[in-house]
Each structure stands twice: as C-alpha cells, then as structure tokens.
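The values are calculated or read from the model by the stated rules, or taken from the named source; none is laboratory data. None of the values given here were measured: they were computed from a predicted structure. A quick note on method: Cβ atoms are made from the backbone with ideal geometry, for glycine too, and the neighbour counts reach across all protein chains shown. Note: accessible area is taken over every heavy atom of the protein model, side chains too, but ligands, DNA and RNA are not part of it. Shrake-Rupley method; radii C 1.70, N 1.55, O 1.52, S 1.80 Å.
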Amino acid sequence: MISFDLQYFQPNTIEDAINIYEQFISENKKPIYASGGTEIISRARRNEVQPDAIIDLKNIPGFHKCEHKAGKLQIGSAVTLNHAATHSNFPLLKTVIQSIATQTARNKITIGGNLASSLPYREAVLPLLLTDSTIVLATPKGAITKNIHDVFPFNEHLKELELMMEVHLDSKLIKHPHFWIKKTKQSQINYPIVSVAAMHIDNEIRIATSGLTANPLRMKQLEKDILQAVEIEDCLDQIESYLPSPIIDDMIAQSDYRLFLFKQIIKDIAINWKGAS
Ligand SMILES: Cc1cc2nc3c(=O)[nH]c(=O)nc-3n(C[C@H](O)[C@H](O)[C@H](O)COP(=O)(O)OP(=O)(O)OC[C@H]3O[C@@H](n4cnc5c(N)ncnc54)[C@H](O)[C@@H]3O)c2cc1C
C-alpha cells in the first residue's frame with residue numbers, strides 16, 4: 001500500500017507530459033515520470049520516494065516502437081524488456097535482458113525505466129553503451145539527440161524537464177560477436193555481483209560492466225590497453241585503476257570478491273578475443 005496521497009496522470013502526448021510536470025514544479029511539488037512503474041511503486045510503498053504526481057508515459061504513441069528503420073535500431077522508452085528482447089533482433093540485448101528479473105516482471109519493466117533506474121545495476125544499458133547508442137530526449141523546446149556517453153547515468157545528467165523518448169543505434173553493429181556473463185550470489189535471476197558484456201567490432205574489443213560501482217560503465221581505457229598490452233597480466237595487475245571508486249561492498253558481495261571475478265572475466269575475454277583482433 002502507498003501511505004500518502006498522490007495524483008496519477010496518463011497523458012497521450014509528450015507536450016502534455018511535460019506541461020503536467022512543469023505545472024507541478026511551478027507549484028513547488030514533486031512530479032515523477034513512470035514507464036513500467038514497478039520501481040516507483042515499490043519505492044513509494046517503502047516511502048523511499050514521495051512524489052505528488054506520477055506521470056505515466058505508457059500511453060504516448062511512439063514510446064512503444066521497436067524497429068529497424070533507416071539503418072538504425074529504434075527502441076521507445078516504454079518498450080518492455082520482453083518486447084525489446086523479441087523484436088530488436090539484437091542478440092546481445094536479448095541475452096542481457098533475459099537475465100533481468102522474471103518473465104512476468106519483464107512484461108512490465110521498460111527500457112526507459114531500466115536505464116533511468118535508481119538502482120546501480122541497469123544492465124539493459126550495457127549493449128547500448130557498447131554500440132555507442134544515441135538517446136532522443138524530449139525537452140520543453142522539442143526533441144534533442146545526445147550521445148549515450150554524454151547523458152548516462154540518466155539520473156545525474158538529465159535536466160529537470162527532460163525525459164527519455166527513444167534509443168537509437170546502428171543496425172549494422174548488432175550482429176557482431178558478443179560475450180556476456182553475469183555472476184550472481186544465488187540463482188541466475190538476481191542482481192549481479194558483476195555483469196560484463198563485450199563485443200568484438202572490427203578491430204576493437206568493447207567492454208561494459210555493471211554491479212561493480214554506482215553505475216554501469218563502458219571501459220574505454222581498458223579496451224585500448226588490452227589491445228596494446230604485450231602481456232595481459234599488465235592490465236590485470238592494475239585492474240582497480242580502471243574503475244572509479246568505491247567498488248560496491250554489500251550483503252551480496254564484498255568489493256574484493258567483485259574485483260576478483262571481474263579480473264577473471266576480463267582475462268577470459270582477452271585470451272579469447274585478442275588473437276582475433
Ligand atoms: C524482481 C525484479 C528483479 C530485478 N532484477 C534486475 C536485474 O537483475 N538487473 C537490473 O538491471 N535490474 C533489475 N531490476 C530492476 C529494474 O530493471 C528497475 O527497477 C527498473 O527501473 C524498472 O523499470 P520500470 O519501467 O518499471 O521503471 P519505473 O518504475 O517506471 O521508473 C524507474 C525510474 O526511471 C524513471 N523513468 C522511467 N521512464 C523514464 C523516461 N522515459 N525518462 C526519464 N526517466 C524515466 C522514473 O522516473 C524512475 O525514477 C529488477 C526489478 C525487479 C522488480
């Protein structure tokens with residue numbers, strides 16, 4: 001049960017969504033956007049968030065598209081994880097998504113909600129970081145497009161009235177060889193101790209990881225150093241230096257263990273792929 005009063009809106013247009021948001025802000029009240037609503041509702045039940053209004057974006061046409069058009073894979077922010085896994089035709093995205101929550105929860109959880117989640121994991125972003133996706137944002141002045149690396153993590157870089165409309169990425173990239181591994185404490189359906197996605201694109205090894213730090217990361221310096229290293233151990237010995245601190249240390253796993261697993265995974269990727277570069 002949610003123990004406080006709030007207003008619920010389901011606008012049919014982006015303009016209406018932004019207007020409602022703006023109206024609440026002007027009254028010094030707290031509005032919040034929702035896509036699948038699973039995280040907001042469970043956080044509101046625990047009183048971790050107390051919005052005055054929930055603005056549900058599900059009814060906005062276009063937020064549900066998942067298609068290849070003009071050489072781009074375009075995924076609307078209200079597309080559910082299951083829909084994206086089935087219709088994107090992007091093997092790595094499908095694999096990563098199928099490890100998030102349960103089949104039933106994935107029918108509700110959306111791409112937009114996963115990317116803008118307050119949790120550190122946000123695993124659906126990993127394939128999008130590897131493919132240098134762009135994000136289409138709705139703003140009061142119209143739609144703008146930004147590189148994912150400039151707006152991620154969203155909850156730090158989105159301005160107050162910006163909301164995520166779509167993710168775009170180059171359709172040509174989706175079939176490149178990929179690698180993915182998720183280590184969890186118990187069952188496979190669980191938050192990651194560490195989750196690593198990698199792609200071999202032309203002469204590059206691209207690596208992104210989640211579970212180690214406050215946000216998922218694209219590891220561009222590590223990618224470069226692995227390719228140039230004569231001995232891969234030179235990179236592995238200083239693996240911590242590639243990561244911002246702190247490394248997550250909680251009931252799921254200690255930071256040393258997370259780092260140990262990460263190191264092993266990077267070693268496997270390098271051994272398997274370096275020869276092929
Ligand atoms: C059982 C279970 C298991 C899970 N396991 C995993 C896991 O293994 N790995 C993992 O990564 N995640 C996992 N999650 C977390 C889940 O991916 C996130 O909680 C996600 O935020 C839920 O998506 P949603 O669409 O319901 O989000 P919502 O509740 O709608 O929104 C979440 C946040 O995103 C913001 N937001 C939503 N849409 C937009 C938008 N278009 N523009 C701007 N901001 C927006 C909201 O304001 C809110 O702050 C799990 C969740 C559950 C319930």
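Taken together, the residues in segment 33-75 that are within 9 Å of the ligand (Cβ to nearest atom), touching a strand residue (DSSP E or B) at 6+ places or on another chain (Cβ under 8 Å) and of a type in the set (G, A, S) amount to 4. Only one of the listed residues (I32, I2, I40) is part of a strand (DSSP E or B), among the aliphatic types (A, V, I, L, M) and not assigned by TED's automatic domain parsing to the domain that holds A143. That residue is I32.
Hey, any hits in segment 151-160 for a residue that's open to solvent by 10 Å² or more (accessible area, probe 1.4 Å) and either of a type in the set (G, A, S) or farther than 23 Å from A116 by Cβ (or both)? No - not one qualifying residue is present in segment 151-160.
Scan segment 215-222 and tell me whether some residue there is surrounded by fewer than 19 Cβ atoms within 10 Å (Cβ to Cβ), within 16 Å of the ligand (Cβ to nearest atom) and closer than 20 Å to L93 by Cβ. Checked against the condition, which is being surrounded by fewer than 19 Cβ atoms within 10 Å (Cβ to Cβ), within 16 Å of the ligand (Cβ to nearest atom) and closer than 20 Å to L93 by Cβ, segment 215-222 yields at least one hit.
Table: residues versus (1) surrounded by fewer than 23 Cβ atoms within 10 Å (Cβ to Cβ); (2) more than 14 Å from the chain's Cα centre (by Cα); (3) closer than 11 Å to V167 by Cα.
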position: L73; (1), (2), (3): no, yes, yes
position: T86; (1), (2), (3): yes, yes, no
position: F90; (1), (2), (3): no, yes, no
position: V96; (1), (2), (3): no, no, no
position: T102; (1), (2), (3): yes, yes, no
position: E123; (1), (2), (3): no, no, no
position: K141; (1), (2), (3): yes, yes, no
position: I148; (1), (2), (3): yes, no, yes
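Anything in segment 245-277 that is at pLDDT below 95 and either farther than 17 Å from S195 by Cβ or among the hydroxyl-bearing types (S, T, Y) (or both)? List them, or say none. Result: S245, M251, A270, I271, N272, W273, K274, G275, A276, S277. Candidates in segment 254-277 are the residues that are more than 15 Å from A214 (Cβ to Cβ) and small (G, A, S); of these, the one that is surrounded by the most Cβ atoms within 10 Å (Cβ to Cβ) is A270. When segment 54-65 is filtered for residues that are open to solvent by 20 Å² or more (accessible area, probe 1.4 Å) and touching a helix residue (DSSP H, G or I) at 6+ places or on another chain (Cβ under 9 Å), the ones remaining, listed by number, are G62, H64. If you go through segment 126-139 and keep only what is more than 16 Å from A116 (Cα to Cα) and open to solvent by less than 10 Å² (accessible area, probe 1.4 Å), you end up with L130, T131.
Give the residues of segment 151-182 that are assigned to a helix (DSSP H, G or I), more than 30 Å from I252 (Cα to Cα) and among the charged types (D, E, K, R), sorted by residue number. Passing the criteria: K172, K175.
Considering every residue within segment 16-32, establish whether at least one is closer than 18 Å to I109 by Cβ and surrounded by 14 or more Cβ atoms within 10 Å (Cβ to Cβ).
yes
Does N114 satisfy being within 11 Å of G36 (Cβ to Cβ) and either surrounded by fewer than 21 Cβ atoms within 10 Å (Cβ to Cβ) or at pLDDT 95 or above (or both)? It is true that N114 is within 11 Å of G36 (Cβ to Cβ) and either surrounded by fewer than 21 Cβ atoms within 10 Å (Cβ to Cβ) or at pLDDT 95 or above (or both).
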